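Enquirer: Pasting a structure below so you can have a look.
The values are calculated or read from the model by the stated rules, or taken from the named source; none is laboratory data. Since this is a predicted model, take the numbers as computed values, not measurements. Every residue, glycine among them, receives a Cβ derived from its backbone with ideal geometry; neighbour counts consider all protein chains shown. With ligands, DNA and RNA removed, areas are computed over all heavy atoms of the protein, side chains included. Shrake-Rupley method; radii C 1.70, N 1.55, O 1.52, S 1.80 Å.
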Amino acid sequence: MTASNLVPVPIPDGVAALIGSCMPLGVLQAEIDAECAARDALRFRAPFCSEDQADREHALATLARANKVLAAYNPGLVVRPGARR
């Protein structure tokens, strides 16, 4: 079975808290930043005005910065805009 055939299963809050307690705080913050930046980057649709373009580029820069931290910790944690986790 490939990963694309798997159905995402929600993780209970207690399990998520236990997983989070084993990770460094910087990695947890980077994961939150990456998720928010990926969501923000998808908010903007073409054609872009100059303000939208600047905001989208800022979101993509934030995503890249957070992904650098995540990839250093575990390459499987990297977040891509529009990708389902």
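Enquirer: Out of the residues in the stretch 31-56 that are in a helix (DSSP H, G or I) and small (Gly, Ala, Ser), which is most open to solvent (accessible area, probe 1.4 Å)?
Expert: From the stretch 31-56, those in a helix (DSSP H, G or I) are 31-43, 50-56; that's our starting set.
Add one more test, that the residue is small (Gly, Ala, Ser), and what stays is 34, 37-38, 41, 50, 54.
Working: 34: 0, 37: 5, 38: 8, 41: 7, 50: 96, 54: 55 Å².
In this case the residue turns out to be 50.
Enquirer: What do you reckon, is residue 28 touching a residue at least 12 places away in the same chain (Cβ under 8 Å) and either open to solvent by less than 100 Å² (accessible area, probe 1.4 Å) or outside any helix (DSSP H, G or I) (or both)? Steps first, answer last, please.
Expert: On the way: touching a residue at least 12 places away in the same chain (Cβ under 8 Å): no; either open to solvent by less than 100 Å² (accessible area, probe 1.4 Å) or outside any helix (DSSP H, G or I) (or both): yes.
When the stated conditions are applied, residue 28 does not pass them.
Enquirer: May I pose another question? For the stretch 59-76, how many residues are open to solvent by 30 Å² or more (accessible area, probe 1.4 Å) and either closer than 15 Å to residue 23 by Cβ or aliphatic (A, V, I, L, M) (or both)?
Expert: 10
Enquirer: Against the condition farther than 16 Å from residue 69 by Cα, in contact (Cβ under 8 Å) with a residue 24 or more places away in the chain, more than 11 Å from the chain's Cα centre (by Cα) and open to solvent by 60 Å² or more (accessible area, probe 1.4 Å), how does residue 18 come out, does it pass? Reasoning before the result, please.
Expert: Details: farther than 16 Å from residue 69 by Cα: yes; in contact (Cβ under 8 Å) with a residue 24 or more places away in the chain: no; more than 11 Å from the chain's Cα centre (by Cα): yes; open to solvent by 60 Å² or more (accessible area, probe 1.4 Å): yes.
Criteria not met by residue 18.
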